[in-house]
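The values are calculated or read from the model by the stated rules, or taken from the named source; none is laboratory data. For clarity, every value in this text was computed on a predicted model and none was experimentally measured. Counting neighbours? That spans all protein chains shown, and the Cβs are built from the backbone with ideal geometry, glycine included. Surface areas here come from the heavy atoms of the whole protein model, side chains and all, with no ligands, DNA or RNA. Shrake-Rupley method; radii C 1.70, N 1.55, O 1.52, S 1.80 Å.
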Amino acid sequence: MTVTVLVVLVVLVLAVGLFVFRAIPGVRAYFGYRGKRLITCPETHTTEAVDVAAGEAAVGAFLSEPTLRLKECSRWPERQDCGQECLQQIEIDAENCLVWNIVSKWYEGKSCVFCHKPIGPLHHVDHAPALLAPDHTTLEWKQVQPEQLPEIFRTHRPVCWNCHIAESFRRLHPELVVNRELEPKRLR
Ligand SMILES: [Zn+2]
């Protein structure tokens, strides 16, 4: 092996090492900032749903130039030129404003109003749990506009996916459902 090849190899190993070293905060920023979040708009004091530009945040972290910018907001496109001051709330606590975590926390410790089976925190592989509206219709939490979730959680009750499917069928095809005598007591 000539000295030149050895030097090239050492330089390559150093370059790869440096790249991996810089890539770690980039990857961490990407996974840390992706996903829909709920913030309180500093302008209107209402709950809004936002997306951080996670790819840009990752590149920023890779280059040691932290860049935090919004990619989407439920008030856009009308207020697309806002100062994005809500980003401070995400910087302070990125985990707790993540919609997934908010929903997961709400279902935790709650049981289905129909079958009383505990629902527990969300899992990516499971069917999404649902909600019972005051008008007794059920819907999946994913069908709700994210910024409306805090309000929905005040008025709706938890329903497991199985009961949501059964109740939807009962509502849409009442002619195919046989109600037994105990049925009125199902909803406690
Ligand atoms: Zn159930």
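Results, tabulated for the structure shown:
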| quantity | calculated |
| --- | --- |
| Global form of the range 1-132, assessed from the alpha-carbon gyration tensor, a/c cut-off 1.5 | oblate |
| Cleavage-rule hits, GluC sites (Glu not before Pro), the range 1-85, DSSP coil, Cβ neighbours within 10 Å at most 11 | GLU78, GLU85 |
| Derived scalar couplings ³J(HN,Hα) [the range 47-56; Karplus, 6.51 cos²θ - 1.76 cosθ + 1.60; whole Hz; x for Gly, Pro] | 6, 10, 9, 10, 10, 7, 6, 5, x, 5 |
| Per residue solvent-accessible surface (Å²) - the chain, probe of 1.4 Å | 66 Å² |
| Only Lys, Arg (+1) and Asp, Glu (-1) charged, at Cβ; the range 35-188 dipole about Cα centre in debye | 900 debye |
| Simple spin-label estimate for VAL125 and SER111 in nanometres, 7 Å along Cα-Cβ | 2.6 nm |
| Cα→Cβ-extended label distance, 7 Å offset, between THR137 and ASN162, nm | 2.6 nm |
| Whole-Hz couplings from phi, Karplus 6.51/-1.76/1.60, listed for the range 153-166; x for Gly and Pro | 5, 7, 10, 9, 10, x, 9, 6, 4, 4, 5, 4, 5, 5 |
| Heavy atoms of THR4 accessible to a 1.4 Å probe, total area in Å² rounded to 10 | 100 Å² |
| Positive-end residue, the range 1-148 charge dipole about Cα centroid, Cβ charges, pick of VAL7, GLY60, TYR30 | VAL7 |
| Eligible lysines near LYS71 by straight Cα distance, threshold 19 Å, same-chain separation 8 or greater | LYS36 |
| Cβ charges +1 (Lys, Arg) and -1 (Asp, Glu), total dipole of the range 1-106, debye | 400 debye |
| Note, ³J(HN,Hα) from phi for the range 31-42, Karplus 6.51, -1.76, 1.60, rounded to Hz, x at Gly and Pro | 6, x, 10, 7, x, 6, 10, 10, 10, 9, 5, x |
| The chain - mean residue ellipticity at 222 nm from DSSP helices (-39,500 (n - 2.57) per run, n ≥ 4, rounded to 500) | -12500 deg cm²/dmol |
| Label zone at SER64 (point 7 Å along Cα-to-Cβ), backbone N below 16 Å, the range 1-45 | 15, 17-26 |
| Accessible area of the chain belonging to carbon and sulfur atoms, whole % at 1.4 Å probe | 60 percent |
| Euclidean distance of C-alpha centroids, the range 93-148 and the range 46-66, integer Å | 26 Å |
